[in-house]
Amino acid sequence: MLADYHGILRQLRPVEASLMQNDLAGLRAKVRPGFTPLNWNSLHISAYIESVTTSIRAFHNSLG
């Protein structure tokens, strides 16, 4: 997921990133919970992975 996330960010030109600030903020908000300590036995991990993957794909598709 992070490789895809960073790959998309590298593709953006500065003007595109500026125009898509709100979308980028939403994507960052989806990814952010993964940077806090989690209980990997939690049932919420699969939902988190699915949510972030879906958000990354949606953002990538919005780029055209």
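Here are the numbers:
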read-out	value
Rounded to 10°, Cα long-axis angle of helix 2-11 versus longest principal axis of the chain	10
Listed values (i) 5.1; (ii) 4.8; (iii) 4.4, entry calculated as mean projected area of the Cα convex hull in nm²	(iii)
Spacing of the two label points (7 Å from each Cα toward its C-beta) at residue 61 and residue 1, in nm	1.8
Residue among 60, 46, 19 farthest towards the positive dipole end of segment 1-60, charges placed on Cβ	19
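Any read-out appearing in this document is the output of simple, stated calculations on the displayed coordinates, not a laboratory observation. Fair warning: this is a prediction, and the values are worked out from it, not measured in the lab. Note that we place each Cβ from the backbone using ideal geometry, even for glycine, and neighbour counts take in every protein chain shown.
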